[in-house]
Amino acid sequence: MPEDLWKIRKRKGMSVSQLAARSGIAGDVIREYESGGRAIPSGDLRRLARALYVGEWDINPRSSPPPRREERPAPVVEKAPPRKPKPKKKRRPPPAVPARETQITHMLALAARFGLDRATLEGEIGKPLDQLATTEARKWNRHFMERLIKERPPKRPIDRRRAYLPEGVDGFEMDYLEKAKASGVLLTFTLFNGERHQGVLVGYGPYTITISQADGSELTLNKLAIAYYRCMGGGE
């Protein structure tokens, strides 16, 4: 029983282009024969049979068209669930910067004004001074400065009858310095940075005190740098 051309070609494992090359018939013509668009003439039928290794009677002169391919729906791709964001690692706070030596020195000088030595100060703070951070030292220095301003006694009125006296020196300090200057007593000055100087008072002003040292040289000290001073054998 004769078969359609396209069935025989597929059974033989040939493509249209391969059959066209072997039979000498154009590929478009072969497709027209296979679709049933026109009947295969005897001349082409013989050439096709020879190329397919079948008899002429095995090929249907007018093929019925091959079935159309069913369009398959595109596969449904399931959307992957959204990825959960990775938890952010908590950043560790930066290590505390140790307090500077100048901060500790300044704190000790301020605490000394309230009669606190290093051991007492460390007890009040709750830790050794060399374990303080910069921020802690700054906080305690501010604490003592505010306390110093709050607890400082009001200044006595300045004795303005003596015109040569500086206005920045209060009455108590003026009396003390005048007596020291008149008596020529030896004064000892301790600075915030730990330095100590001795000498006889030569003069003073709102911001400085000048002394004559043992070698005869004069030294002017800035009052802001002085932690305290006292006369030898006496009080501050």
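The values are calculated or read from the model by the stated rules, or taken from the named source; none is laboratory data. These numbers were taken from a predicted model, which means no experiment stands behind them. Ideal geometry is used to build each Cβ from the backbone, glycine not excepted, and the neighbour counts take in all protein chains shown.
Which of the residues belonging to the range 190-231 are among the aliphatic types (A, V, I, L, M) and either assigned to a strand (DSSP E or B) or in the same structural domain as Met107 (by TED's automatic domain parsing) (or both)?
Scanning the range 190-231 gives Leu191, Val200, Leu201, Val202, Ile209, Ile211, Leu219, Leu221, Ile226, Ala227.
In the range 166-214, what count of residues is obtained for those that are at pLDDT 90 or above, within 15 Å of Ala225 (Cβ to Cβ) and among the β-branched types (Val, Ile, Thr)?
5
Could you check the range 146-158 and list, in sequence order, the residues that are surrounded by fewer than 13 Cβ atoms within 10 Å (Cβ to Cβ) and either among the charged types (D, E, K, R) or at pLDDT 65 or above (or both)?
Within the range 146-158, Glu146, Leu148, Ile149, Lys150, Glu151, Arg152, Lys155, Arg156 qualify.
Answer with yes or no whether Leu219 is modelled with pLDDT of 90 or more and surrounded by 13 or more Cβ atoms within 10 Å (Cβ to Cβ).
yes
Looking at the range 48-94, which of its residues are of a type in the set (Asp, Glu) and either in contact with a Lys or Arg (Cβ under 9 Å, 6 or more places away or on another chain) or surrounded by 10 or more Cβ atoms within 10 Å (Cβ to Cβ) (or both)?
Glu56, Asp58, listed by residue number.
How about the range 95-133: which of its residues are surrounded by 12 or more Cβ atoms within 10 Å (Cβ to Cβ) and among the small types (Gly, Ala, Ser)?
Within the range 95-133, Ala96, Ala99, Ala109, Ala111, Ala112, Ala133 meet the criteria.
Please verify whether the range 200-212 includes one or more residues that are in contact with a helix residue (DSSP H, G or I) (Cβ under 6 Å, 6 or more places away or on another chain) and within 18 Å of Ala112 (Cβ to Cβ).
No: zero hits.
Need pairs with beta-carbon distance below 9 Å; first residue over 16 Å from Thr220 (Cβ atoms) and within the range 180-191, second aromatic (Phe, Trp, Tyr) and loosely packed, with under 15 Cβ neighbours inside 10 Å; sequence gap 6+ or separate chains.
Hits for this filter: Thr190/Tyr228.
Leu110: more than 30 Å from Tyr33 (Cα to Cα), at pLDDT 90 or above and of a type outside the set (Lys, Arg), yes or no?
Considered against the rule, which asks whether it is more than 30 Å from Tyr33 (Cα to Cα), at pLDDT 90 or above and of a type outside the set (Lys, Arg), Leu110 comes out as no.
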